[in-house]
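Following this message is one structure expressed as structure tokens.
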Amino acid sequence: MADLLGSILSSMEKPPSLGDQETRRKAREQAARLKKLQEQEKQQKVEFRKRMEKEVSDFIQDSGQIKKKFQPMNKIERSILHDVVEVAGLTSFSFGEDDECRYVMIFKKEFAPSDEELDSYRRGEEWDPQKAEEKRRLKELAQRQEEEAARQGPVVVSPASDYKDKYSHLIGKGAAKDAAHMLQANKTYGCGLLGPPTLPSAPSACGQQEGHTLH
């Protein structure tokens with residue numbers, strides 16, 4: 001019996017020491033604080049979502065607004081706002097390089113931003129519809145000019161002057177005119193010039209032949 005009682009007493013857990021009691025007390029307090037913080041964070045998310053739902057609802061009802069820019073938010077808040085916007089049937093985008101500076105812009109579906117507008121916001125620039133329209137118009141004009149030039153083909157350059165104008169400063173206008181007539185006659189009767197045009201001092205054989213033929 002004594003052995004049985006001793007065995008039972010030895011198997012029982014010893015009461016905690018004062019150090020163990022303090023550790024357990026701190027652990028319980030820490031768990032209670034953590035639970036309280038979690039509840040507060042949950043409540044803050046609920047309140048933030050309600051506030052965003054109100055702002056989004058006001059934005060929808062305001063016919064004078066087509067887009068709305070929000071102040072920078074943390075990642076959790078942006079996630080909540082994106083979800084509210086999606087439920088409301090709108091479009092939203094986040095912009096900004098640093099996470100602390102990122103903000104959300106929302107748009108009504110019928111006024112969804114173009115790629116050019118989104119690129120402007122990503123560069124940190126304000127969107128100017130008039131400048132964008134002018135840029136688009138100039139781009140289309142340049143494209144039409146290129147297409148027209150391609151259809152017309154290469155440009156043929158015409159000489160700025162004829163034979164007599166080209167050589168009039170060397171041999172005089174009258175002589176140049178006679179030389180031009182002679183060149184035309186040679187082409188007409190099949191007598192071409194083999195070299196650069198010159199002014200002979202006497203009628204050539206070809207010229208005599210032409211005269212004989214004409215008589």
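The values are calculated or read from the model by the stated rules, or taken from the named source; none is laboratory data. Note that the structure is a prediction, hence the values are computed from the model and not measured. Here Cβ is always computed from backbone atoms with ideal geometry, including for glycine, and neighbour counts include all displayed protein chains. These area figures cover heavy atoms from the full protein model, side chains too; ligands, DNA and RNA do not enter into them. Shrake-Rupley method; radii C 1.70, N 1.55, O 1.52, S 1.80 Å.
When the residues of segment 6-21 are narrowed to those that are open to solvent by less than 100 Å² (accessible area, probe 1.4 Å) and part of a helix (DSSP H, G or I), which ends up modelled with the highest pLDDT? Even if it seems obvious, please write down each step before you answer.
Within segment 6-21, the subset open to solvent by less than 100 Å² (accessible area, probe 1.4 Å) is 6-8, 10-11, 16-17, 19-21.
When the remaining residues are screened for being part of a helix (DSSP H, G or I), the result is 6-8, 10-11, 19-21.
Values: G6: 61, S7: 66, I8: 60, S10: 63, S11: 62, G19: 71, D20: 78, Q21: 81.
The extreme case among them is Q21.
Which one of these is surrounded by fewer than 18 Cβ atoms within 10 Å (Cβ to Cβ) and within 18 Å of S57 (Cα to Cα): K109, K68, K75? Full working, then the answer.
Values: K68 fails: surrounded by fewer than 18 Cβ atoms within 10 Å (Cβ to Cβ); K75 fails: within 18 Å of S57 (Cα to Cα).
After ruling out the rest, the residue left standing is K109.
Go through (1) modelled with pLDDT under 95; (2) surrounded by fewer than 16 Cβ atoms within 10 Å (Cβ to Cβ) for R51 and report which single condition fails.
Going through the list (1) modelled with pLDDT under 95; (2) surrounded by fewer than 16 Cβ atoms within 10 Å (Cβ to Cβ), R51 breaks only (1).
Going through segment 78-93 one residue at a time, which ones are open to solvent by 40 Å² or more (accessible area, probe 1.4 Å) and within 24 Å of Q61 (Cβ to Cβ)? First the steps, then the outcome.
Within segment 78-93, the subset open to solvent by 40 Å² or more (accessible area, probe 1.4 Å) is 79, 82-83, 86-88, 93.
Scanning segment 78-93 gives H82, D83, E86, V87, A88, F93.
Which one of these does R24 not meet: (1) modelled with pLDDT of 90 or more; (2) surrounded by 10 or more Cβ atoms within 10 Å (Cβ to Cβ)?
It is condition (1) that R24 fails.
For D62, only one of the following conditions fails: (1) among the acidic types (D, E); (2) open to solvent by 70 Å² or more (accessible area, probe 1.4 Å); (3) more than 26 Å from the chain's Cα centre (by Cα). What is its number?
For D62, the failing item is (2).
Output the residues belonging to segment 27-48 that are of a type in the set (A, V, I, L, M) and open to solvent by 70 Å² or more (accessible area, probe 1.4 Å). Lay out the reasoning, then the answer.
The initial filter retains those residues of segment 27-48 that are of a type in the set (A, V, I, L, M), namely 27, 31-32, 34, 37, 46.
Correct list: L34, L37.
Would you confirm, using the coordinates I've provided, whether G96 is open to solvent by less than 60 Å² (accessible area, probe 1.4 Å) and at pLDDT below 95?
On the way: open to solvent by less than 60 Å² (accessible area, probe 1.4 Å): yes; at pLDDT below 95: yes.
Yes, satisfied.
Moving to a separate point now. Could you look through segment 112-140, keep only residues that are within 17 Å of P72 (Cα to Cα) and of a type outside the set (G, A, S), and pick out the one that is least open to solvent (accessible area, probe 1.4 Å)? Don't jump to the end; show me each part of the working.
Keep residues of segment 112-140 that are within 17 Å of P72 (Cα to Cα), which gives 121-126.
Right, trim to of a type outside the set (G, A, S) and you get 121-123, 125-126.
Details: Y121: 15, R122: 132, R123: 144, E125: 87, E126: 155 Å².
The residue in question is Y121.
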